[in-house]
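Q: One structure, pasted below without further comment.
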Amino acid sequence: MSINKITKYVQPIAALAKSSPIPPLETTKSAFSILVEAHSQYKCLVEQETTKREAISAWRDINVRRLEDQREILEMYLTQTFGERAHNINEMFERLDTAMEEGDINKIGLFLGGIVDLAKQSPLAGINQLISQYHDDSIDKIMI
């Protein structure tokens, strides 16, 4: 409770104590009533703020879990994409080596073209589709 709120209740109590026509017992009852009301308001405020903190904590937990899920999906996507890419490039170089050993110019050109095409493709091109699938509530499973 802030000082201003406490002062708001203390000032009426002080004014009651100074006024002489009110008997001391009545002043005490009035002061006690003011204290009870202030305590009641304080408890209500504490409950409201506790509820707000719990809501913020729940929101945080949900969003942290969502970020962890997104991270996990992205890591799986990148691992698989780069793994396939590395495998394909290695295969193309092995076939290029074989074509060079055989001296087959047509195959050499074909495999060099394939390697260049793979190098031109961005492994991150499918991320936009992955993200849109993640945010689409109608999709139950995302295939990577």
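The numbers here are math on the coordinates, done by the rules we state, and not lab data. Because the structure is predicted, anything quoted here is derived from the model rather than measured. Counting neighbours? That spans all protein chains shown, and the Cβs are built from the backbone with ideal geometry, glycine included.
Q: Figure the gain on full extension for Asp69 and Asn88 (residue separation times 0.36 nm, minus the Cα-Cα span) and round it to one decimal in nm. Please list the in-between numbers first.
A: Details: separation 19, 0.36 × 19 = 6.84 nm, distance 2.84 nm.
That pair, Asp69 and Asn88, stretches by 4.0 nm at full extension.
Q: Per-residue HN-Hα couplings for segment 99-106, Karplus 6.51 cos²θ - 1.76 cosθ + 1.60 at θ = phi - 60°, whole Hz, x for Gly and Pro?
A: 5, 5, 5, 7, x, 8, 5, 4
Q: What is the calculated FRET efficiency for Asp97 to Leu124, with r their C-beta to C-beta distance and R₀ = 35 Å, to the nearest 0.05? Mind showing how you got there, number by number?
A: Working: r = 29 Å, r/R0 = 0.82.
Using R0 = 35 Å, I get an efficiency of 0.75.
Q: Here's another thing I want to ask about it. Quick one: length gained pulling Glu37 to Gln80 fully straight, 0.36 nm per residue minus the C-alpha distance? Present the calculation step by step, with values, prior to reporting the outcome.
A: On the way: separation 43, 0.36 × 43 = 15.48 nm, distance 6.48 nm.
Length gained, Glu37 through Gln80: 9.0 nm.
Q: Once you have the alpha carbon radius of gyration of segment 38-144, what is it after dividing by 2.2 N^0.38 Å, with N set to its residue count?
A: On the way: Rg = 26.5 Å, N = 107, 2.2 N^0.38 = 13.0 Å.
Its radius of gyration relative to the 2.2 N^0.38 Å reference: 2.04.
Q: Can I ask one more? Tell me, what HN-Hα J-couplings in whole Hz come from the Karplus equation 6.51 cos²θ - 1.76 cosθ + 1.60 at θ = phi - 60° for each residue of segment 61-74, using x for Gly and Pro?
A: Residue by residue, segment 61-74 yields 4, 4, 6, 5, 5, 4, 5, 5, 4, 4, 4, 4, 5, 5 Hz.
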